[in-house]
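A.B. asks: Take a look at this one; I'll ask things after.
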Amino acid sequence: MHTLVLIRHGQSVWNLENRFTGWTDVDLSHQGLAEAQEGARLLKEGGFLFDRCHTSYLKRAIRTLWLVLERMDLMWLPVETSWRLNERHYGALQGLNKAETARQYSDEQVFQWRRSFDVPPPPLDPADPRFPGHDPRYAGLAAAELPRCESLKDTIARVMPYWHQVLAPQIRAGQRLLVAAHGNSLRGLVKYLDGMSDAEVSGLNIPTGVPLVYTLDADLRSLGRRYMGD
Ligand SMILES: CC(=O)Oc1ccccc1S(=O)(=O)Nc1cc2c(c(O)c1O)C(=O)c1ccccc1C2=O
């Protein structure tokens with residue numbers, strides 16, 4: 001029997017402004033900090049212990065993890081970061097708010113994007129300063145791995161190797177893991193663990209700052225999951 005804990009980072013300053021964030025490295029808002037503190041309190045009071053933790057290359061998830069580790073007096077734990085746990089890349093929509101999106105794209109186009117699993121947003125031009133190839137933290141990625149945009153399907157496809165190559169082997173080895181990540185990258189893990197369809201995962205919304213606790217059998221099949229504080 002294994003336990004795996006997932007936590008989605010709290011509200012970011014661009015969530016506040018209803019801006020597409022994606023790989024833009026904005027920080028948590030004050031509310032987002034408070035959400036992370038509450039999640040940390042639930043984990044501490046729940047008596048959880050971890051052996052390793054994982055997060056993305058983006059500070060809103062990293063800081064959420066730091067707040068949890070600080071509150072649980074676990075700042076000594078090894079932390080692994082990976083681009084594969086990053087939020088979905090929203091391409092040329094990154095930075096746009098609702099009004100700007102509505103001005104540049106038709107309602108039909110926005111409606112199609114909202115409900116699709118495999119339709120990507122408009123891609124970034126590689127010369128665009130928002131393209132990850134200009135950011136030193138992605139220097140280790142192969143050219144083909146640097147996204148210009150991502151559908152939810154693309155996001156899940158690049159998250160899953162991290163599950164199969166990193167998370168699952170550590171869980172099998174008896175490590176109690178905490179993963180602090182993003183709405184869409186966590187959708188990938190939840191889709192796999194719950195055996196969800198493409199349509200089901202497109203409708204799944206993971207609440208921010210609330211620890212999601214999985215109980216897994218010896219073959220890492222889910223025996224159930226619960227949100228703490230429920
Ligand atoms: C709540 C909100 O204001 O959402 C925003 C924020 C910025 C632009 C558009 C909107 S919206 O009101 O059209 N709603 C809205 C719009 C969208 C999405 C979404 O989940 C959503 O709720 C997507 O997932 C989405 C995914 C991929 C491309 C575009 C969209 C998109 O355009």
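A.B. asks: Ordered by residue, what ³J(HN,Hα) values in Hz, to whole numbers, does segment 104-114 give under the Karplus form 6.51 cos²θ - 1.76 cosθ + 1.60, where θ = phi - 60° and Gly and Pro are x?
C.D. replies: Each residue of segment 104-114 in turn: 8, 10, 6, 4, 5, 5, 4, 4, 5, 4, 4 Hz.
A.B. asks: For Cα pairs less than 8 Å apart in space and 6+ apart in sequence, what is the mean separation divided by the residue count of segment 1-134, i.e. the relative contact order in percent?
C.D. replies: The value is 26 percent.
A.B. asks: Determine which aspartates and glutamates satisfy two conditions relative to Lys59: a Cα distance under 16 Å, and not lying fewer than 8 residues away in the same chain.
C.D. replies: Leaving aside aspartates and glutamates fewer than 8 places away in the same chain, those within reach of Lys59 are Asp25, Asp27, Glu35, Glu70, Glu80, Glu87, Asp135.
A.B. asks: Return a whole-number percent for the relative contact order of segment 63-175, with Cα pairs under 8 Å and 6 or more residues apart as the contact set.
C.D. replies: Numbers: 82 pairs, mean separation 34.4, N = 113.
Once divided by the residue count of segment 63-175, the mean separation gives 30 percent.
A.B. asks: Which order do the peptides 160-168, 177-185 come out in when sorted by mean C-beta neighbours inside 10 angstrom, highest first?
C.D. replies: Packing order, densest peptide first, comes out as 177-185, 160-168.
A.B. asks: Still on this model: Using the Karplus curve 6.51 cos²θ - 1.76 cosθ + 1.60 with θ = phi - 60°, what ³J(HN,Hα) values do you get for each residue of segment 9-21, in whole Hz, with x for Gly and Pro?
C.D. replies: With coefficients 6.51, -1.76 and 1.60, one gets 4, x, 4, 9, 5, 7, 4, 3, 8, 6, 9, 5, 9 Hz.
A.B. asks: Something else: Based on the alpha-carbon gyration tensor of the chain and its eigenvalue square roots a ≥ b ≥ c, which shape applies: rounded if a/c is under 1.5, prolate if not and a/b is larger than b/c, or oblate?
C.D. replies: Numbers: a/c = 1.62, a/b = 1.51, b/c = 1.07.
The shape class here is prolate.
A.B. asks: Sticking with this one: Tell me, what ³J(HN,Hα) does each residue in segment 81-96 have, in order and in whole Hz, if you take phi through Karplus 6.51 cos²θ - 1.76 cosθ + 1.60 with θ = phi - 60° and put x for Gly and Pro?
C.D. replies: Once rounded to whole Hz, the list reads 10, 8, 5, 5, 9, 4, 5, 4, 8, 8, x, 6, 7, 4, x, 7.
A.B. asks: So if R0 is 22 Å, what FRET efficiency would Asn97 and Asn205 give, r being the distance between their Cβ atoms, rounded to the nearest 0.05?
C.D. replies: About 0.65, to the nearest 0.05.
A.B. asks: May I ask for the distance between the Cα centers of segment 112-126 and segment 81-109, given as a whole number of Å?
C.D. replies: Segment 112-126 and segment 81-109 have Cα centres spaced 8 Å from each other.
A.B. asks: Quick check: Cα centre of segment 143-164 to Cα centre of segment 174-230, how many Å?
C.D. replies: The distance from the Cα centre of segment 143-164 to that of segment 174-230 comes to 18 Å.
A.B. asks: Moving on to the next point. In terms of modelled amide H atoms, which long-range or inter-chain residues lie less than 5 Å from the amide H of His89?
C.D. replies: Residues meeting the criterion, in which the H sits 1.01 Å from N, are Glu150.
A.B. asks: Let me ask something additional. On a straight-distance basis, which lysines could pair with Lys191 in a cross-link, Cα separation under 22 angstrom, same-chain partners fewer than 8 positions away excluded?
C.D. replies: Partners within reach: Lys153.
A.B. asks: Using packing as a proxy for protection, rank 25-32, 192-199, 102-109 so that the peptide with the highest average count of other Cβ atoms within 10 Å comes first. Walk me through the numbers on the way to the answer.
C.D. replies: Numbers: 25-32: 17.9, 192-199: 13.5, 102-109: 11.1.
Order by mean packing, descending: 25-32, 192-199, 102-109.
A.B. asks: Right, next: With both partners inside the chain, how many of the DSSP beta bridges are antiparallel, as a percent to the nearest 5?
C.D. replies: On the way: 11 of 24 bridges.
Restricted to the chain, the bridges split so that about 45 percent are antiparallel.
A.B. asks: Follow-up question, since we're still on this one. Around Ser12, which amide H atoms from residues at least 5 apart in sequence, or from another chain, sit under 5 Å from its own amide H, with H modelled in the peptide plane?
C.D. replies: Those lying under 5 Å, H to H, from Ser12 are Ser29.
A.B. asks: Quick one: plug the Kirkwood hydrodynamic radius of segment 92-223 (C-alpha pairs) into Stokes-Einstein at 25 °C, 0.890 mPa s, and report D in µm²/s.
C.D. replies: Calculated translational D: 144 µm²/s.
A.B. asks: Where does each of 40-51, 64-75 land if you order them by average Cβ count within 10 Å, highest first?
C.D. replies: Packing proxy ranking, top to bottom: 64-75, 40-51.
A.B. asks: Sticking with this structure for a sec: Taking the simple approach of a point 7 Å from Cα along Cα-to-Cβ for both Arg137 and Lys153, what is their distance in nm?
C.D. replies: About 2.9 nm separates the two model spin labels.
A.B. asks: Quick one: compute the contact order of the chain, relative version, from alpha carbon pairs under 8 angstrom and 6+ residues apart, as a percent.
C.D. replies: Contact order relative to length: 32 percent.
A.B. asks: If you don't mind, another one. Name the long-range amide H neighbours of Ser82: under 5 Å, sequence gap of 5 or more, or other chain; modelled H, no Pro or chain starts.
C.D. replies: Counting only residues 5 or more places away or on other chains, the set is Thr55, Ser56, Tyr57.
A.B. asks: How large is the helix-only mean residue ellipticity at 222 nm for the chain, computed as the sum of -39500 (n - 2.57) over DSSP H runs with n ≥ 4, divided by its residue count, in deg cm²/dmol to the nearest 500?
C.D. replies: Values: 9 runs with 82 residues, N = 230.
Helices in the chain give a 222 nm mean residue ellipticity of -10000 deg cm²/dmol.
Coordinate-derived values only; no laboratory data. All values reported here derive from a predicted model rather than from experimental measurement. Cβ sites come from the backbone with ideal geometry, for glycine too, and all protein chains shown count toward neighbours.
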